[in-house]
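Q: This is the structure, below, for whatever I ask next.
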Amino acid sequence: MKRTTILALAPIPVACAALVALLACRGEEKGAPLSFGETPAADDSAAPGHGGRAPGRAAPLARSEVEETVQTFVAENSAAKDAEIAPERGAAVMGSFLAGSDQPEEVLALSRAAGADPEFAGLLAAEAEILRASGDPALRARGIQILAAMGVLDAEGWRAALAAEADPAARALVVANPPLSGATDGEALVAAVLDRAVADPSPEVRRSALLALPDGLSNEARGMLLSILAQDEDAAVRRSVAQYFRESRSTGPEATQALYAASQRANEDPEVRRAAVMALFEIETRTPGSLAAAGGNEENLRKVLTSISTDQG
């Protein structure tokens, strides 16, 4: 069973206690609050903020250690009553764990579970606010992700948090993992992601937003994507639009026509043309006749690919 599944299915007290047990096994002080994103120093007396860590603070949890320990702990302590720890301590442990997780699904599942726990939700939200106030863009982004998954931030709050974040890398991290699954305000969240795809000043953020969009967009939303394909100044962003339609199950004739036009533009970036061609092949496979309806044919597309290869060779 994957780690994400184990943590998501385990009661919050059990999962927290597993992480506390890991710290105890490593000789850390059980009652000490956790820091976020700190690394061990050779000397615990090193001043915080200068490459060291404050005395009594635990180092980030190694992923392999977490996986093994959580599996063992949950197997041996299936009842929540056997995993009682102070809620404040559990929230600190879970906050540190989520801050260092490299698995968005894990962050979403655990944050959502914590948000449903009346005793635990406020404590973890406070830990997430600490992350959100960090000087590290990645930690600020993770704080926003946790709060959104918990439901503390609704779609408008998520949109406002993105607008207030000055660092493009942090915005890209947030927009890449919107809490869409199971969200009660999913349409508003999609609209917020789409706004970033259209208008964010950073190409990195616009690309991240495009990659995060779900399938089944409305006709209006797909029209906005086609405007990006035609007008965005960044070739990688335009290529991401073509990639979206290649993977989408709902394209429509307008998208096919726009992609065909992009594939035929001689002054278009070669990789955008290539992405448009590959999207068109996929669309034609799913819906035979789409290409002809757009005024094209497969032979023309193969010529485009040959031309690109020749020019790049």
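Q: Can you tell me how many residues within region 112-136 are part of a loop (DSSP other than H, G, I, E, B) and modelled with pLDDT under 85?
A: 2
Q: Please determine whether any residue of region 220-228 is out of contact with any Pro (no Cβ under 9 Å at 6 or more places or on another chain), more than 27 Å from residue 173 (Cα to Cα), surrounded by fewer than 21 Cβ atoms within 10 Å (Cβ to Cβ) and without any contact (Cβ under 8 Å) to a residue 40 or more places away in the chain.
A: no
Q: Is it fair to say residue 139 is buried (at least 22 other Cβ atoms within 10 Å of the Cβ) and either assigned to a helix (DSSP H, G or I) or touching a residue at least 60 places away in the same chain (Cβ under 8 Å) (or both)?
A: no
Q: Does residue 169 meet the test of being surrounded by fewer than 22 Cβ atoms within 10 Å (Cβ to Cβ), over 29 Å from residue 105 (Cβ atoms) and touching a helix residue (DSSP H, G or I) at 6+ places or on another chain (Cβ under 6 Å)?
A: Working: surrounded by fewer than 22 Cβ atoms within 10 Å (Cβ to Cβ): yes; over 29 Å from residue 105 (Cβ atoms): no; touching a helix residue (DSSP H, G or I) at 6+ places or on another chain (Cβ under 6 Å): yes.
No: the conditions fail for residue 169.
Q: Going through region 104-129 one residue at a time, which ones are over 12 Å from residue 145 (Cα atoms) and either in contact (Cβ under 8 Å) with a residue 24 or more places away in the chain or buried (at least 19 other Cβ atoms within 10 Å of the Cβ) (or both)?
A: Across region 104-129, the qualifying residues are 113, 114, 115, 117, 119, 120, 121, 123, 124, 126, 127.
Q: Of all helices (runs of 4 or more DSSP H) completely enclosed by region 194-283, which ones contain at least 2 residues that are basic (Lys, Arg)?
A: Output list reads 203-212, 235-247.
Q: Let me ask something else about it. Can you confirm whether residue 289 is without any contact (Cβ under 8 Å) to a residue 12 or more places away in the chain and on the phi > 0 side of the Ramachandran plot?
A: yes
Q: Then there is this: Condition first: of a type outside the set (Val, Ile, Thr) and either more than 37 Å from the chain's Cα centre (by Cα) or surrounded by 12 or more Cβ atoms within 10 Å (Cβ to Cβ) (or both). Now tell me which residues in region 294-313 satisfy that.
A: First pass over region 294-313, keeping only residues of a type outside the set (Val, Ile, Thr): 294-303, 305, 307, 309, 311-313.
Scanning region 294-313 gives 294, 295, 296, 297, 298, 299, 300, 301, 302, 303, 305, 307.
The values are calculated or read from the model by the stated rules, or taken from the named source; none is laboratory data. What you see is a predicted model, and the numbers here were worked out from it, not measured in a lab. Cβ coordinates were reconstructed from backbone atoms using ideal geometry, including for glycine residues, and neighbour counts include every protein chain displayed.
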